[in-house]
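These notes are about the structure you will find just below.
The values are calculated or read from the model by the stated rules, or taken from the named source; none is laboratory data. Since the model is a prediction, treat every value here as computed from it, not as a measurement. Please note: Cβ atoms are built from the backbone with ideal geometry, for glycine as well, and neighbour counts cover all protein chains shown. Each accessible area value is taken on the protein alone, full model and side chains, heavy atoms only, with ligands, DNA and RNA left out. Shrake-Rupley method; radii C 1.70, N 1.55, O 1.52, S 1.80 Å.
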Amino acid sequence: MKDPGAASIEAFRSELVEWLRVSCPASLRPGAKPTEEDRAAWQQAFCARGFTTPTWPSEYGGGGLSKAEARVLAEEIPRVASWFPVASFFGTSMLGPVLLEFGNEEQKKEHLPKITRCEIQWCQGYSEPGAGSDLASLQTRAVRDGDHYLINGSKIWTTGANQADWIFCLTRTDPSAPKHDGISFILFDLHQPGVTISPIELISGASEFCQVFFEDVKAEARNLVGELNGGWTIAKRLLEHERAMLSGGTGRPSDSPRARKGPPPAPKSALAESARPHLGEAEGELADPVLRHRIAQWEMDALCFGLTLRRSGEQARAGQGPGPATSMFKLYASEMNKRRSELLMSVRGAAGLGWSGDDFEPLDLMETRGWLRSKGNSIEGGTSEVQLNVIAKRVLGLPD
Amino acid sequence: MSLVLTEEQELIQQAAAEFLKERAPIAHLRALRDEEDPTGFSRAIWKEMAELGWPGIPFAEDHGGAGLGMAELGVVLEECGRTLAPYPFLSTVVLAGGAVARGGSDAQKREILPGLCRGETLLALAFQETGRFDPWVIDSKAEKTGDGFCLSGRKTFVLEGHVADRLVVVARTSGASGEREGLTLFLVDPATDGCELTRSALIDSRYAARVSLSEVVVGRDAVLGEVDRGAEILDPVFDRATAALSAEMVGLASEAFERTIAYLKDREQFGVRIGSFQALKHRAAEMFCELQLAQAAVLDALRALDEDRPHAARIVSAAKARCSDAASLITCEGLQMHGGIGMTDEEDIGLFLKRAKAAELTLGDAAYHRDRFARLTGF
Ligand SMILES: Cc1cc2nc3c(=O)[nH]c(=O)nc-3n(C[C@H](O)[C@H](O)[C@H](O)COP(=O)(O)OP(=O)(O)OC[C@H]3O[C@@H](n4cnc5c(N)ncnc54)[C@H](O)[C@@H]3O)c2cc1C
């Protein structure tokens, strides 16, 4: 092997394969039926190595792996295990990265290992009834009271608040300062008096988000992250991580040569193939030229978007200037997903109109709910219009 | 292969940018147009480009070339796109030159390619017969005579045909128009009896030729490749040309975009800079995204061809479709955002619009390539 990096990667791979062989219980192998005890044991072993957050430093419970090693991990696990624990992205992709950057030693030691071990579920307390796109106008108050802050106000659209243990919350700590300068980033426990959580039903019928009310809720002062009134910087950085995650731009599986053998298969379009049973066309060119062109456009955009993400990653690694902002990726990924769902609806015709019951295939019901859910893609994490604002300002430098 | 430029490619890019800024800026195109230069470009500058090694980039060193690939040629073409430099890369180097390099006998290659690489020999590929690009719709006939062939038919839109020293003519030796089989390539000297060329001026201040062939007699040694199997040469040549043209389109779209952004930051109305209007900001941001996708697609298409990747044609079609759409969006929106001045001949944005349209309709527009992409993806 040419470079020493490659040799050490292969050494890591063999060590990992051996560890997986020893640690992954038989019932979690592909094809087997997992037992509850095995699942718990496997989760324990997996989390103990920090593999749910592979690139975090090991001193905070992470895997301590390089990015290249983490890619190897992502390749090897599915070869051995039919299931493995995945920690909630609120912890791994949002709070964790900003704690690593802005948190103090005590906060990192306290909170990061619990994320890795899937012990604490987090939720994001940003939006309020009066503060959405204009997030910095938020009103939830935090007032110092001895070694605590007292929190009063309300957050809304808080995804998973009813399942969460803790919240990372933007609060106003200086109402007299300009709006960006009076915000603090505070962590606190949701299991305490004064917290009321009401789930909100979505158009898709699910209730994944909630309104949360705080009445004299206590947050320990040591859980204020960064500077008092300096929370906006952290808030924005967290949004960048969130947008990167929502655009699927970070953890793509590597296309390593060893993963591929023989000539690549003939390219296929999953969208077109899923349309065939509904169109009654088993093979050949789709007869409806308009639908065919819409699918072709979507597939080409998806291909080119994937290449754009790859190029941006390679540019960043090669130090060839910053790639275009994550805002572009967030924007494009959510618009692509909405278009895909719209196409699936057109293709399925009346089969896509079912809401519940045995008259409809479970997959159709799921895809229809998925179509409704996809409408939120261009709203959550900052709307598409807000992403366009960010590109115009930060990337293109257009005047205010 | 990585989508980031290698060090060598970066050097080529810098050299090209500097040279073109100096020797072939947009003012150069304007001067050629205003003087009604019958060539449409400067042969002297083409020779200078040859001294820098550009026409020879994709050809083997044995034939006077640099032995590099499409990725490197794409870098040069992208820079040409930025200054709208009207040089015969597509016609001479990629289309006709590509056909000679792929299909030619050793003798044919030795006869033609070194002169091409030196910037002396100009070539053109005479294939198209209909308005819309459709490579196999060819009616021109080549009939076998005693010791050669007799060619008859009409060609249109023969890029740089008006100055070509040699034409590569595609004619039917069997089969019917629309069929992929039965085509043969011939090397024809345009001075041969029966071969008539008429120069047509195009919107982008470049020239193409109409070629009329009436009983043009050529020898057996004029055949390029195998009789009836010309499509096997043309398929990869069209893919390379399509990717090369897409690279030029990325360059012209990038330049038109940057000029528009600069204008948005400069022009004031209602007491503020027009770039502060959200209606324009959002459209500018969308143009930026489309351009990013087009760039990544072209980089990968060029590399797919260099690597001989299976299914490279699919990414080539995706690239041409995306570049056609992006260049059209950016030049149309760019003109709109310039307001009245955008409609004047004096302002350059209109030149970008014209070149973008010509490039879009050359070698298949977005709809053509969407259709081809769908076919190559099995639907
Ligand atoms: C599925 C889902 C999950 C969510 N999860 C969470 C969560 O876990 N935690 C959390 O804190 N929040 C969450 N949100 C909230 C989300 O971040 C907000 O909905 C979003 O930021 C928009 O705010 P808003 O709803 O108040 O809309 P508004 O800001 O009122 O926007 C209404 C419309 O006006 C447009 N608009 C607003 N300002 C501008 C402007 N300056 N220029 C142009 N157009 C503008 C918007 O684009 C939108 O189209 C979630 C939302 C959804 C849909």
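Helix-only arithmetic for chain B: the sum of -39500 (n - 2.57) across DSSP H runs with n ≥ 4, divided by the residue total, places the mean residue ellipticity at 222 nm at -16000 deg cm²/dmol. Just so you know, the Cα atoms of chain B work out to an Rg and Dmax of 20.8, 79 Å. Annotation for the A:B interface, with buried accessible surface near 4000 Å², both sides summed [1.4 Å probe; non-protein components not counted].
Please work out, to two decimal places, the log10 of the ratio I(q)/I(0) at q = 0.11 Å⁻¹ from a Debye calculation in which every Cα of the protein assembly as shown carries one identical scatterer. So the normalised log intensities are -1.28.
For segment A:123-152, the residues whose amide N sits under 19 Å from a probe point set 7 Å from the Cα of A:T383 along the beta carbon direction are A:126-139. Inter-part distance, segment A:286-303 to segment A:83-153, computed on C-alpha centroids, equals 42 Å. Working note: Karplus 6.51/-1.76/1.60 with θ = phi - 60° gives segment B:365-379 the couplings 7, 4, 5, 4, 6, 4, 4, 5, 4, 4, 4, 6, 9, x, 9 Hz, where Gly and Pro are set to x.
Our analysis of segment B:133-255 gives Rg over Rh at 1.00, with the two radii drawn from alpha carbon positions and Rh computed by the Kirkwood formula.
Each part reduced to its alpha carbon centroid, segment B:309-329 and segment B:52-80 end up 21 Å apart.
The residues of the protein assembly as shown have, on average, 43 Å² of accessible surface per residue, using a 1.4 Å probe with all protein chains present. Listed cross-link partners B:K109/B:K141; A:K155/A:K218; A:K236/A:K330; A:K236/A:K393; A:K330/A:K393; A:K393/B:K265 are compared with a 19 Å cut-off, the Cα-Cα value being larger for B:K109/B:K141. Relative to the Cα centre, the charge distribution of segment A:261-395, modelled as +1 at Lys and Arg Cβ and -1 at Asp and Glu Cβ, gives a dipole magnitude of about 840 debye.
Rounded to the nearest 5, what is the percent of antiparallel bridges among the DSSP beta bridges in the protein assembly as shown?
Values: 60 of 72 bridges.
Of all bridge pairs located within the protein assembly as shown, approximately 85 percent are antiparallel.
Scanning residues 5 or more positions from A:C210 or on other chains, those with amide H under 5 Å from its amide H are A:W157, A:T158, A:T159, A:G160, A:A161, A:I200, with H placed 1.01 Å from N in the peptide plane.
Sorted from greatest to least, the principal axis extents spanned by the alpha carbons of chain A come out as 71, 50, 50 Å. What list of ³J(HN,Hα) couplings, whole Hz, do you get for segment A:354-368 from phi and the Karplus terms 6.51, -1.76, 1.60, once you set θ to phi - 60° and write x for glycine and proline? In residue order, the calculated couplings are x, 9, 6, x, 7, 5, 10, 5, x, 5, 5, 4, 5, 5, 5 Hz.
Would you mind checking segment A:331-349 for residues with the amide N under 19 Å from a putative spin-label position 7 Å along Cα→C-beta of A:V290? Only A:339-349 pass the distance filter.
Name the shape class, rounded, prolate or oblate, that the alpha-carbon gyration tensor gives for segment A:1-113, where a ≥ b ≥ c are the square roots of its eigenvalues, rounded holds for a/c under 1.5, and otherwise prolate holds if a/b is larger than b/c and oblate otherwise.
It is oblate, given that a/c is not under 1.5 and a/b is not larger than b/c.
Only Lys, Arg, Asp and Glu carry charge here, each on its Cβ (+1 for the first two, -1 for the last two); on that basis segment B:1-55 has a dipole of about 160 debye about its Cα centre. Annotation: amide H-H contacts under 5 Å for A:G226 (H modelled 1.01 Å from N, sequence separation of 5 or more, or interchain): A:N104.
Which longest uninterrupted range of chain B lacks any GluC sites (Glu not before Pro) assigned by DSSP to a loop state (not H, G, I, E or B) and surrounded by at most 14 other Cβ atoms within 10 Å?
Values: sites that count: B:E35, B:E36, B:E120, B:E179, B:E226, B:E307, B:E346.
Between the exposed loop sites, the longest stretch runs B:37-119.
The amide H of B:A209, built 1.01 Å from its N in the peptide plane, has B:F157, B:V158, B:L159, B:E160, B:G161, B:H162, B:S200 as neighbours under 5 Å, considering only residues 5 or more places off or on other chains. Can you list the residues of segment B:252-289 whose accessible area drops by at least 40 Å² going from the chain on its own to the full set of protein chains, with a 1.4 Å probe? The answer is B:K265, B:K281, B:H282, B:A285, B:F288, B:C289 - residues whose exposure falls by at least 40 Å² when every protein chain is included. Is the shape of segment A:120-231 rounded, prolate or oblate, going by the alpha carbon gyration tensor and its root eigenvalues a ≥ b ≥ c, with a/c under 1.5 for rounded and a/b larger than b/c for prolate? Here segment A:120-231 falls in the oblate category.
Distance from a point 7 Å along Cα→Cβ of A:E281 to each backbone N in segment A:292-306: keep the residues under 13 Å and list them by number. The answer is A:292-296, whose backbone nitrogens lie closer than 13 Å to the label point.
For segment A:160-175, 3J(HN,Hα) computed residue by residue from phi via the Karplus equation (6.51, -1.76, 1.60; θ = phi - 60°) reads x, 4, 6, 9, 8, 9, 10, 10, 9, 10, 8, 10, 8, 10, 9, x Hz, glycine and proline entered as x.
Computed from the Cβ-Cβ distance with R0 of 22 Å, the FRET efficiency linking B:T145 to B:E226 stands at 0.75.
Let me check I've understood the local charge: for A:K268, count other residues with C-beta under 15 angstrom from its C-beta, Lys and Arg +1, Asp and Glu -1. What total comes out? Taking every Cβ under 15 Å from that of A:K268, the sum is -1. Could you tell me whether segment B:7-120 comes out rounded, prolate or oblate from its Cα gyration tensor? Rule is a ≥ b ≥ c as square roots of the eigenvalues, rounded for a/c under 1.5, then prolate if a/b exceeds b/c, otherwise oblate. Oblate is the answer for segment B:7-120, as a/c is 1.5 or above yet b/c matches or exceeds a/b. Of the heavy-atom accessible surface of the protein assembly as shown (probe 1.4 angstrom), what whole percent is carbon and sulfur? Reported share for carbon and sulfur atoms: 52 percent.
Normalised by the number of residues in chain A, the mean separation of alpha-carbon contacts (under 8 Å, six or more apart) gives a relative contact order of 11 percent.
With the simple model of a label 7 Å out from the Cα in the direction of the Cβ, A:A41 to B:L202 spans 7.1 nm.
What's the longest bit of chain A with no exposed trypsin sites (Lys or Arg not before Pro), using DSSP loop states and at most 12 other Cβ atoms within 10 Å as the test? Free of exposed loop sites, the longest segment is A:3-259. Taking max minus min of the alpha-carbon positions on each principal axis, segment A:261-395 gives extents of 53, 41, 29 Å, largest first. By a 1.4 Å probe calculation restricted to protein chains, A:V86 has an accessible surface near 110 Å², given to the nearest 10. Burial annotation for segment A:363-400: residues with an accessible-area loss of at least 50 Å² between the isolated chain and the complete set of protein chains, computed on heavy atoms with a 1.4 Å probe, are A:L388, A:L396, A:L398, A:P399. With Cα atoms as the point set, segment B:232-377 shows a radius of gyration and Dmax of 16.8, 61 Å.
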